[in-house]
Amino acid sequence: MSVYLDYNASTPIDERVLNMMIEVYKNNYGNADSRTHDYGDNARKIVEFARQNVAELLGVKKDEVFFTSGATESDNISILGLQKYAEETGKRHIITTAIEHKAVLEPIDVLKKNGFETTYIKPDISGRISEDELLTQVRSDTLLVSVMHVNNETGIIQPIKEIGEELSKSDVLFHVDAAQSCGKLIDDLHNIKYNMLSASAHKMNGPQGIGALVLKKKRYKLPPVKPILFGGGQEHGIRPGTLPTALIAGFGEACKIAKAEYPQNIKACHKIKETLIALLDNSGLEYEINGEQMFCIPSTINVSFNGINSEALMLSSKKYCGISNGSACNSSS
């Protein structure tokens, strides 16, 4: 059996999370929106307890957390859900980066086909974008800025704190894709000013198929996001559909565990990364680490071996370790 190292694509589920979900599947099968019996009431209590755990991890209010199927859906709602507001205000300019996940880039492409204009900021050799370059592109008709917190391929942390600080002085909406930082850079996320944030449970030892969209209130109002799916009033109409109680319970438990254990997790990741770099240094191989490491999350390393084809390397090392040469969403391209 090989060693699994592709955690940025998906993490193994924590056994404590799995046990919580099994308990819910066995004993709490009611619909959380059924209002006429105890089965529904019990399911609703589980959902709200999990919502509180997610809110506490992210340092937001409970009524600012909306459950989705994952960060991809949250990204889509954050972007496509603004179309009506854009039409009403005449704001049809979006700023994002060239290194975003497809869950951000493709919804923006949809809006571009509908007449929106987009500015893409490219990173420099460090793997980071320049916040100054981005902010100089803000115009009077800029609707949205969308920037990922941590790049899923390089692990480089983007300057979203600085961007959020400046954008908070304007009426430009700021969306953060926090799929790779939720549960890891907890203190950082508590100190960032944003309007919308996306997260997935399966990036932090929770179950696949569940995530959250955070919509922060400003002057007691949510961002002007409209639903992109229809068929029910769940999640205050933001995301209709029967709530997956067990998945939500698992997500809440993963958040609770992450909040309690993230300091030791960070130390463990630093140690593993230092060990790996020492092994590479002593191997005699020619290699380069991509991205400025002073801006890199401890849980990620991106390495190039000079003259070696990445596909060939992955195939030859398949029985020893599970690694990736890019984002899982690009694996077939």
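In a shell of Cβ-Cβ distance under 12 Å around Leu222, excluding Leu222 itself, what net charge do Lys and Arg (+1) and Asp and Glu (-1) give?
Result for the neighbourhood of Leu222: +4.
Normalised by the residues of the stretch 69-177, what does the relative contact order come to in percent, with Cα pairs under 8 Å and at least six apart?
Averaging sequence separation for qualifying contacts and normalising by length gives 28 percent for the stretch 69-177.
For a quick check: with amide H placed at 1.01 Å from N, whose amide H comes under 5 Å from Val145's, ignoring anything fewer than 5 positions away on the same chain?
For Val145, whose amide H was placed from the backbone, the distant partners under 5 Å are Ile95, Leu173, Phe174, His175.
Express the carbon and sulfur contribution to the solvent-accessible surface of the chain as a percent, rounded to the nearest whole number, probe 1.4 angstrom.
52
Counting only DSSP beta bridges with both residues in the chain, what percent are antiparallel, rounded to the nearest 5?
Expressed as a percentage, antiparallel bridges in the chain total about 45.
Please report the spacing between the Cα centers of the stretch 258-333 and the stretch 27-90 in Å, no decimals.
34
Helix-only estimate, please: 222 nm mean residue ellipticity of the chain, summing -39500 (n - 2.57) across DSSP H runs of length 4 or more and dividing by its residues, to the nearest 500.
Computed mean residue ellipticity for the chain: -12000 deg cm²/dmol.
Quick one: work out Rg over Rh on the C-alpha atoms of the stretch 183-294, Rh as Kirkwood radius.
A ratio of 1.11.
Using the alpha-carbon centroid of each, what span in Å lies between the stretch 200-228 and the stretch 159-174?
So the two Cα centres are separated by 18 Å.
Could you tell me the convex hull volume per residue, in Å³, taken over the Cα atoms of the stretch 115-198?
102
Rounded to a whole number, what is D in µm²/s for the stretch 1-109 from Stokes-Einstein with the Kirkwood radius over alpha-carbon pairs (4 °C, 1.567 mPa s)?
Stokes-Einstein gives a translational diffusion coefficient of 74 µm²/s.
Hey, can you grab everything whose amide H is under 5 Å from the amide H of Val303? Only 5+ residues off in sequence or another chain; H modelled, so Pro and N-termini drop out.
Residues meeting the amide H criterion: Asn290.
Counting only DSSP beta bridges with both residues in the stretch 139-258, tell me the antiparallel percent, nearest 5.
45
Contact order normalised by length for the stretch 169-324, with contacts defined as Cα pairs under 8 Å and 6 or more residues apart; what percent is it?
The normalised contact order for the stretch 169-324 reaches 15 percent.
Keeping every protein chain present and rolling a 1.4 Å probe, give me the accessible area per residue for the chain in Å².
50
Rounded to whole Hz and in sequence order, give me ³J(HN,Hα) for the stretch 213-226 from the Karplus expression 6.51 cos²θ - 1.76 cosθ + 1.60, θ = phi - 60°, writing x for Gly and Pro.
Per residue, the Karplus-derived 3J(HN,Hα) values read 10, 9, 10, 7, 7, 10, 6, 6, 10, 6, x, x, 8, 10 Hz.
Obtain the radius of gyration and the Kirkwood radius of the stretch 207-256 from its C-alpha atoms and give Rg over Rh.
Result for the stretch 207-256 is an Rg/Rh of 1.01.
List the longest stretch of the chain that has no exposed loop site; here a site is one of the trypsin sites (Lys or Arg not before Pro) assigned by DSSP to anything other than H, G, I, E or B, with at most 10 other Cβ within 10 Å.
Maximal segment without exposed cleavage sites: 36-168.
The values are calculated or read from the model by the stated rules, or taken from the named source; none is laboratory data. Model, not experiment: these values are computed from the prediction. For neighbour counting, all protein chains shown are included, and Cβ atoms are generated from backbone atoms with ideal geometry for every residue, glycine included. For accessibility, only protein heavy atoms count, side chains too; no ligands or nucleic acids. Shrake-Rupley method; radii C 1.70, N 1.55, O 1.52, S 1.80 Å.
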